[in-house]
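This report refers to the structure that appears directly beneath it.
The values are calculated or read from the model by the stated rules, or taken from the named source; none is laboratory data. The structure displayed is predicted, hence computed values, not measured ones. So basically every Cβ, Gly included, is an ideal-geometry build from the backbone, and we count neighbours across all protein chains shown.
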Amino acid sequence: MLRKNIPAFAIGEEPLGKIKGHDIEIYLDVERSYTPMLRRPLYQASLETRKEIEKHINELLDMVFISSIQHHEIVEITTPVLITWHDGKSRLCGDFRALNNYTKADRYPIPRIPHSVDKLAKAK
């Protein structure tokens with residue numbers, strides 16, 4: 001199955017964010033109406049931290065993981081949080097706790113990767 005669909009996978013320096021030939025939109029099923037302003041107040045950040053956040057956002061834009069939108073109303077659903085490890089590397093995360101209060105639980109959660117790999121290993 002993987003060899004048959006190899007063109008769908010990013011290899012080497014190819015951008016990771018898109019499946020070739022497909023645009024994907026994600027929709028969340030919500031339990032009740034919610035305010036579009038779910039973002040928590042911004043955490044105070046130094047100039048260095050803000051530059052690091054901007055760097056991560058630009059990398060995600062370049063990889064087509066995210067895209068800029070032009071929207072007539074402000075819809076903010078997360079506050080960016082920069083996690084920095086002891087070795088100086090950092091990772092950009094989002095604080096989605098407020099949004100979690102409005103989304104319906106998934107009855108069919110995404111399977112765990114080791115389970116899927118085990119199933120693929122047994123496939124012929």
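Looking at (1) more than 21 Å from the chain's Cα centre (by Cα); (2) within 25 Å of residue 60 (Cα to Cα), which is the only condition residue 118 fails?
Exception for residue 118: condition (2).
Take region 104-124 and flag every residue that is among the hydroxyl-bearing types (Ser, Thr, Tyr) and either over 19 Å from residue 30 (Cβ atoms) or touching a Phe, Trp or Tyr at 6+ places or on another chain (Cβ under 9 Å) (or both).
Passing the criteria: only 116.
Is there any pair linking a residue in region 94-116 that is among the small types (Gly, Ala, Ser) to one that is part of a loop (DSSP other than H, G, I, E, B), with Cβ under 7 Å and at least six apart or on different chains, and which?
94/78; 98/38; 98/40
All but one of (1) more than 30 Å from residue 49 (Cα to Cα); (2) in contact with an Asp or Glu (Cβ under 6 Å, 6 or more places away or on another chain); (3) not acidic (Asp, Glu) hold for residue 90; which doesn't?
Condition not satisfied by residue 90: (1).
Look through 41, 80 and report the one residue that is more than 30 Å from residue 2 (Cβ to Cβ), part of a strand (DSSP E or B), at pLDDT below 85 and not charged (D, E, K, R). Step through it out loud before you land on a result.
On the way: 41 fails: part of a strand (DSSP E or B).
None of the others qualify; the one that does is 80.
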